[in-house]
C-alpha cells in the first residue's frame with residue numbers, strides 16, 4: 001500500500017514541465033520556478049499524507065476486494081488463502097438463490113427512484129421557484145427527511161408499516177390476527193414499502209438539486225418566452241428544461257449511486273430477508289453474519305464495483321474533460 | 001425583469017396562486033406526516049396505546065418516553081461516542097482535503113489531474129466494495145494501549161480514519177474547484193515577495209475558502225453523524241457504538257414498546273435537525289456546491 005503512495009511523493013514535486021512554453025502556461029511555470037526546495041517538500045507532504053490515507057483505505061482495499069474475489073479464505077491466517085479462479089463467480093451466478101433477486105432489486109430501486117421522486121422533486125422545485133411566500137417553510141418540510149439518518153427513517157416508517165400496531169393497518173382495520181397485511185414480512189410487498197420510505201427522502205434531495213439548477217437559469221430566457229406568448233408548460237418544456245441539462249446529469253448519477261449504495265433502510269427494516277435482498281446486503285452478510293466467506297463476499301463486491309464503474313467512469317471522463325478545458 | 005413578468009400576469013394568476021399555496025401546504029403537511037406520527041406515538045404512554053391502539057384519541061400526552069429512552073438506554077453515552085468520532089473526522093477531513101485541493105488547484109504539476117481523479121473516484125465507490133478487506137485490515141492492525149480494543153477494529157479511531165479517507169475525496173474535489181476560482185495574482189504576489197508555500201496556504205488561500213469550508217463542514221457533520229454502515233461493521237462492542245447503530249440495539253431490546261422506539265429515533269434525529277435549522281444556508285449550498293456527490 002505504501003509503494004503506491006511513495007511513488008507519488010517524489011513525483012509530486014517535479015521540475016516544471018519542460019519545453020512547450022505557450023504564453024498561457026508561462027505564468028504558472030514562472031510561479032513554480034520560484035519554489036524553494038523546502039517549499040517543494042512542504043507541498044509533497046501536503047498532498048502526500050492525505051493521499052496515503054485515502055489510497056490505503058479506499059483504493060488498496062478496493063483492489064484487494066478484486067484480488068480476494070478469486071480466492072477462498074476463511075479469514076484466519078494468510079496461509080488459508082487459496083486461488084480458485086472464477087469459482088466464486090460461477091457459484092454466485094448459478095447457485096445462489098439470493099443473487100439474481102438482489103440484482104433485480106437494485107435495478108428496481110433505481111427505476112423507482114428515477115420514475116417517482118425525481119420528477120416529483122423537479123415539479124416541487126418548479127413550484128417553489130415561483131417566488132412565492134412561505135417558500136422557505138415548504139422547502140424545509142420537503143427537505144427535512146434528507147437531513148435525517150436513513151436508520152432513523154427506517155424506524156419512523158416501521159411505526160407506519162408495523163402489522164399490528166402500525167398506522168396503516170390500524171387505519172384500514174387490518175391489524176386483527178387473520179387480517180394482517182404484513183408490509184414488512186410479505187416478500188411481494190416489503191420492497192415497495194421500503195421504496196416508499198426511500199422515495200420520501202429522495203424527493204427532497206432532488207428538489208434541492210433542481211432548485212439550485214433553476215436558480216441558474218438566465219431570467220431573460222423566461223422573459224423572452226413570456227413575450228412570445230408561451231404558456232407556463234410550453235416555457236418549461238421548451239426553454240427551462242433544456243437548460244437544466246447539467247442538473248439532470250448530476251441527478252442521474254446521484255440516483256444510480258444511491259440505488260447501488262442502498263443499505264441502511266433495508267437493514268433496519270428486515271435485514272434484507274426474503275423480498276428485499278440487495279447486493280450491498282449480501283456483501284455485508286458475509287462479514288457480520290456467522291459465515292465468514294471472504295472470497296465469496298468479495299466476488300459480490302466486485303459485481304457491485306463493475307456496475308458502479310459503468311456509471312462512474314463516463315461521469316468522471318465528462319467532468320474532468322470540462323475541467324481541463326477550463 | 002421579474003417585475004415585468006409578475007406585473008404582466010399578476011391579475012389573472014391570483015386564484016392560481018391560492019391554489020398553489022393550498023397544494024404546497026397540503027403536500028408539506030403530508031410530507032411531515034410520518035414524523036408527526038412518530039412524535040404523536042412517542043408522546044403517548046405505552047399502557048394507553050396497548051389498551052386503546054395507536055390510532056386513538058389521547059387521554060394523556062407526556063414526555064416520559066423521551067426521558068425513559070434517554071436514561072434507560074444510556075443515550076447520552078452514545079451521543080458522546082458520536083461526538084468523539086464526528087468532531088475529529090470533520091476537522092481533519094477539511095484540513096487534509098484543503099491541502100490536497102491547494103496542491104492541485106494552485107500549481108501546475110503534471111500529476112494534478114490524476115491525483116484529483118483518484119480522490120474523486122474514490123468517493124463515488126459504494127462502501128461495500130471496500131468493506132471486506134477493510135474489516136480484515138482493521139483486525140490485523142494492533143494498537144495496544146491506544147484504543148480500548150487494542151486494535152483498529154472496534155475503535156473510534158478506526159471509524160474516524162475511514163470517514164476521513166472516504167469523505168476527503170468529495171471535499172478535495174469541491175475545494176479544488178473553489179480554490180481554482182480565486183485569482184492567481186493573490187498567490188503569485190505572495191510568492192514573489194518570498195512567502196513560503198505553507199504561508200500561502202494557511203494565510204492567504206485558506207481564509208478565502210471560509211464559505212466553502214463552512215458549507216462542507218455542515219454537510220460532513222450531518223453525514224458522519226448519520227453514518228450507520230461503517231459503525232455497524234467496524235464496531236462490535238455495544239459500548240463503543242455511535243448513536244445511530246446504538247438505536248438499532250435499543251429497538252431490538254424494546255421492540256414491543258413502539259412508543260419508546262419512536263422517542264429514541266426522534267431523539268437521535270434532534271442534533272441533525274438543530275444543525276440544519278441553524279446552518280440551513282450552508283447546508284444547502286454545500287449540497288449543491290458538490291452536486292456531483294453520490
| said: For q values of 0.17, 0.20 Å⁻¹, compute log₁₀ I(q)/I(0) with the Debye formula on a Cα-only model of segment B:59-190, without solvent. | reply: -0.98, -1.14
| said: Running a GNM on chain A with Cα contacts under 10 Å, which residue among A:303, A:84, A:251 ends up with the highest mean-square fluctuation? | reply: A:84
| request: Please identify, among A:304, A:45, A:128, the residue showing maximal mean-square fluctuation in a Gaussian network model of chain A using a 10 angstrom Cα cutoff. | output: A:45
| query | Can you give the percent of C-alpha pairs in segment A:168-326 whose distance is more than 25 Å? | reply | 55
| request: May I have the convex hull volume per residue, in Å³, for the Cα set of segment A:215-308? | output: 136
| remark: So residue A:87 and residue A:45, fully extended at 0.36 nm per residue minus their Cα-Cα distance, gain in nm 10.8 nm
| field | Share of Cα-Cα pairs in segment B:92-166 lying beyond 18 Å, as whole percent | value | 53
| note | Most exposed first, judged by fewest Cβ atoms within 10 angstrom, A:118, B:49 run B:49, A:118
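Report the convex hull volume per residue for the protein assembly as shown, counting only C-alpha atoms, in Å³.
187
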| said: If R₀ is 56 angstrom, what is the calculated FRET efficiency for the pair residue B:17 and residue A:38, using the beta carbon separation as r and rounding to 0.05? | reply: 0.30
| note | The exposure ranking of A:277, B:185, fewest beta-carbon neighbours within 10 Å first, is B:185, A:277
| query | Along each of its three principal axes, how wide is the spread of alpha-carbon positions in segment B:141-181, in whole angstrom units, largest first? | reply | 46, 13, 13
| task | Would you please give the FRET efficiency between residue B:56 and residue B:180, computed as 1/(1 + (r/R0)^6) with r the Cβ-Cβ distance and R0 = 41 Å, to the nearest 0.05? | result | 0.10
| field | Footprinting exposure proxy for A:243, A:42, B:147 (fewest neighbouring C-beta atoms within 10 Å first) | value | A:243, B:147, A:42
| query | Across segment B:199-294, how large is the tail of the calculated P(r) beyond 24 Å, expressed as a percent of all Cα pairs? | reply | 41
| query | Hey, rough spin-label estimate for residue A:129 and residue A:168, points 7 angstrom out along Cα→Cβ, what's it come to in nanometres? | reply | 3.3
| request: Kindly give the semi-axes, whole Å and largest first, of the ellipsoid equivalent to chain A, taking each as the square root of 5 times a Cα gyration tensor eigenvalue. | output: 41, 37, 17
| request: Can you tell me which of A:120-127, B:138-145 comes out highest on packing, and rank the rest after it, using the mean Cβ neighbours within 10 Å? | output: A:120-127, B:138-145
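A short reminder: the numbers here are calculations on the coordinates, not readings from a lab. For clarity, every value in this text was computed on a predicted model and none was experimentally measured. Every residue, glycine as well, gets a Cβ built from its backbone with ideal geometry; the counts of neighbours run over all protein chains shown.
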